[in-house]
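Enquirer: Got a structure for you, questions after.
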């Protein structure tokens, strides 16, 4: 089973993980990744992060990613939550969790899903610093990570 959500408001990672863990008691391993808006000191500090998306593609794309992830690994459950809108330092952006009988499947599935969300997602991202807003593109490392699969 996969739980895939696209949210325009905040979410509580501890509450989401507690519910996910409780829903998969037979799993031998549960792996999660939480992405959040960085809180960096200094003149280049991010004041806000905005994610925009194309509604007709975003949730279906996330659901297709979940199906591809579940097809590759033996999972008891998969959770993908992604925010859009304006966020501030410390706010959660994305939560991916995989539950499996064996830890290696859970680790690989979560890693695969995050690599695809980071490099092939349906989001446009920009950040605000003291210098103003600027668009953010995937980095070469993000593309290299995706190429592993």
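Enquirer: Considering (1) at pLDDT below 95; (2) outside any strand (DSSP E or B), say which one residue 125 fails and leave the rest.
Expert: Just one mismatch for residue 125, condition (2).
Enquirer: Looking only at region 135-149, which residues are outside any loop (DSSP other than H, G, I, E, B), at pLDDT 80 or above and surrounded by 11 or more Cβ atoms within 10 Å (Cβ to Cβ)?
Expert: Within region 135-149, 136, 144 meet the criteria.
Enquirer: If a residue has to be under 28 Å from residue 125 (Cα atoms) and either surrounded by 14 or more Cβ atoms within 10 Å (Cβ to Cβ) or modelled with pLDDT of 95 or more (or both) to count, how many in region 21-44 make the cut? Full working, then the answer.
Expert: Taking region 21-44 and keeping what is under 28 Å from residue 125 (Cα atoms), we get 31-44.
Applying the additional criterion that residues be either surrounded by 14 or more Cβ atoms within 10 Å (Cβ to Cβ) or modelled with pLDDT of 95 or more (or both) yields 31-37.
The number of residues fulfilling the criteria is 7.
Enquirer: Let me ask something else about it. Residue by residue through region 88-113, note down the ones that are crowded, with 19+ Cβ neighbours inside 10 Å and touching a residue at least 60 places away in the same chain (Cβ under 8 Å).
Expert: 92, 94, 95, 96, 97, 98, 99, 100, 105, 106, 109, 110
Enquirer: Do we find a residue being touching a residue at least 60 places away in the same chain (Cβ under 8 Å) and over 15 Å from the mean Cα position of the chain (by Cα) anywhere in region 52-59? Reasoning before the result, please.
Expert: Of the residues in region 52-59, the ones touching a residue at least 60 places away in the same chain (Cβ under 8 Å) are 52-54, 57-58.
Narrowing the set further to residues that are over 15 Å from the mean Cα position of the chain (by Cα) leaves 54, 57.
Yes; the residues of region 52-59 include at least one that is touching a residue at least 60 places away in the same chain (Cβ under 8 Å) and over 15 Å from the mean Cα position of the chain (by Cα).
Enquirer: Let me ask something additional. Go through region 81-121 and report how many residues are in a loop (DSSP other than H, G, I, E, B) and touching a helix residue (DSSP H, G or I) at 6+ places or on another chain (Cβ under 8 Å).
Expert: Of all residues in region 81-121, those in a loop (DSSP other than H, G, I, E, B) come to 84, 88-91, 101-102, 120-121.
Keeping just the survivors that are touching a helix residue (DSSP H, G or I) at 6+ places or on another chain (Cβ under 8 Å) gives 84, 120-121.
Counting residues in region 81-121 that are in a loop (DSSP other than H, G, I, E, B) and touching a helix residue (DSSP H, G or I) at 6+ places or on another chain (Cβ under 8 Å) gives 3.
Enquirer: I'd like to verify a number: residues in region 1-10 that are surrounded by fewer than 16 Cβ atoms within 10 Å (Cβ to Cβ) and either in contact with a helix residue (DSSP H, G or I) (Cβ under 8 Å, 6 or more places away or on another chain) or under 20 Å from residue 66 (Cβ atoms) (or both), how many?
Expert: Here is the first cut: in region 1-10, the ones surrounded by fewer than 16 Cβ atoms within 10 Å (Cβ to Cβ) are 1, 3, 5, 7-10.
Restricting the remaining residues to those that are either in contact with a helix residue (DSSP H, G or I) (Cβ under 8 Å, 6 or more places away or on another chain) or under 20 Å from residue 66 (Cβ atoms) (or both) gives 1, 3, 5, 7-8.
Number satisfying all stated conditions: 5.
Enquirer: Can you name the number of the only condition in (1) modelled with pLDDT of 95 or more; (2) over 13 Å from the mean Cα position of the chain (by Cα); (3) not in a strand (DSSP E or B) that residue 11 fails?
Expert: In the conditions (1) modelled with pLDDT of 95 or more; (2) over 13 Å from the mean Cα position of the chain (by Cα); (3) not in a strand (DSSP E or B), residue 11 misses (2) alone.
The values are calculated or read from the model by the stated rules, or taken from the named source; none is laboratory data. Predicted model, so just to flag it, every value in this text is computed and none were measured. Every residue, glycine among them, receives a Cβ derived from its backbone with ideal geometry; neighbour counts consider all protein chains shown.
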